[in-house]
Ligand code: ACM
Ligand code: ZN
């Protein structure tokens, strides 16, 4: 071989191996949500049976324990956390990072050490979740037969953009048991969601034990289907405590929703005296908006709701209680002597103002208990206090106005945030239903909770966003997971990253390895993204 040929061939080999290295390296970082800053090095860390897991700061121990538990389960080696350790160590270190953001962390891996650092346990926990995704997907298995546990060399600096990253679940239309709720929270935590909005009451079922009103769980918790079979269920107060504690350990705040004054028919089926007409009513078996709501003219209604809330409030450490407020028809109030008398007495000109009175009266009671309310955007119609947080669900418009008038806002416009909408386009044209009925992965990824119109001061009122999961057409946990995943993976990047840092192509490249993680974790998920036809149709989605 002549020298030129040798040089050119060597060059080809070098270039090829360099580009292969590059592809491999990029392929190794498959973390969702994408961390803010990732620097790859060639300094891999290899886990062995002798690797130690160390914590520095006593509040770091539960997080070190979590990794030890996960790795012991999957690798078959036996790990536990230690206060002191030498080389070949994974270190969780608290208090050495002075970030203002309590969810910020850094992660550095080198051949001798992985160091996860944060100023607070919240950030350290997210460092753990990132490290979890740096391990091969086999980490999610029980007793995997994987033999290589290699972590790429990285320097990561990370923190979320928004403090409110919510996932909602409607357990009224269909009831899901405690075990599933814990699994749901587990997966939320894995992808760095931090607020679980638990929709506990609606026309189709009441789901929380209230000792003072036993008919809520005897009658309101069950619906009788057309064929005569009964479905439903409820969480005992003990269940709630366990779930809240479980979520707390995973840095997920549980925000309960107790709906009023509308979506109350399940309650009225048991306690018709709190309606305007007196009933009788049944727990609903179909999805809809129903005219019979709580009577706003009857003081006994408020006494009942306040007693209910007084039992519920101590179960939830969150500063928020969601009190609904959406889709409340006013037709019964218009014809109710008590409601009309209240309007006269209180100088209220419209039934919308009567709803405003209703929400503010309940808010005042909750404030005395140290709680703040969240309400769906309709609460703006009757006037709302400055301290209420608004969930903007019909579009971004109500949330924009609320932020302009100084209210905190959580954005969840149905077009881009409702995970009960279809995700694939195998059989239907979107135009046939309106785009809002379809939420393909790319559309979920396009969400931006920040309206353009806001000044920088007003923008501070946008706490973040949330995806909502309404379950009338999801009777099983398998179906719930199918609707949530993988869209929840797309959605979290819209809350973690600035819009200019988002990259759908990069996101797509992470999906196959995330599918493997989900599969290993026992999560059902949709594969509609895989369908070439779907991808092509939505390539130009705006
Ligand atoms: C809602 O979807 N009715 C909040
Ligand atoms: Zn009334």
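Some notes on this structure:
- Relative to the longest principal axis of the Cα atoms of the chain, the long axis of helix 487-496 makes an angle of roughly 80 degrees.
- Taking the fewest neighbouring Cβ atoms within 10 Å as the starting point, the ordered list for 292, 65 is 65, 292.
- Taking 7 Å steps out from each Cα toward its Cβ at residue 385 and residue 186 produces label points 4.0 nm apart.
- The alpha carbon centroids of the range 152-171 and the range 238-307 are separated by 31 Å.
- For the chain, projected area of the alpha-carbon convex hull averaged over all directions, nm²: 30.5 nm²
- Against the chain, whose longest principal axis is taken from its Cα atoms, helix 504-520 shows a tilt of about 80°.
- The mean sequence separation of alpha-carbon pairs under 8 Å and at least six residues apart, normalised by the residue count of the range 55-154, gives a relative contact order of 29 percent.
- The equivalent ellipsoid that matches the C-alpha gyration tensor of the range 266-372 spans semi-axes of 23, 18, 13 angstrom, in descending order.
- The alpha carbons of the range 185-244 occupy a box of 41, 30, 16 Å along the principal axes, longest dimension given first.
- Spin-label pair residue 335-residue 516: with each label point 7 Å from Cα along the Cα-Cβ axis, the two points sit 6.3 nm from one another.
- Global form of the range 126-204, assessed from the alpha-carbon gyration tensor, a/c cut-off 1.5: oblate
- Pairs of alpha carbons in the range 333-466 separated by more than 21 Å make up 54% of all such pairs.
- Two-site label geometry, residue 41 and residue 150: point separation in nm, points 7 Å out along Cα→Cβ: 1.7 nm
- Nearest 10 degrees, 0 to 90: helix 237-249 Cα axis against the chain principal axis: 30 degrees
Throughout, read-outs are computed from the coordinates displayed, never taken from laboratory work. Note that the structure is predicted; figures quoted are calculated from it, not measured. Positions of Cβ are generated from backbone atoms using ideal geometry, with glycine treated the same way; all protein chains shown enter the neighbour counts.
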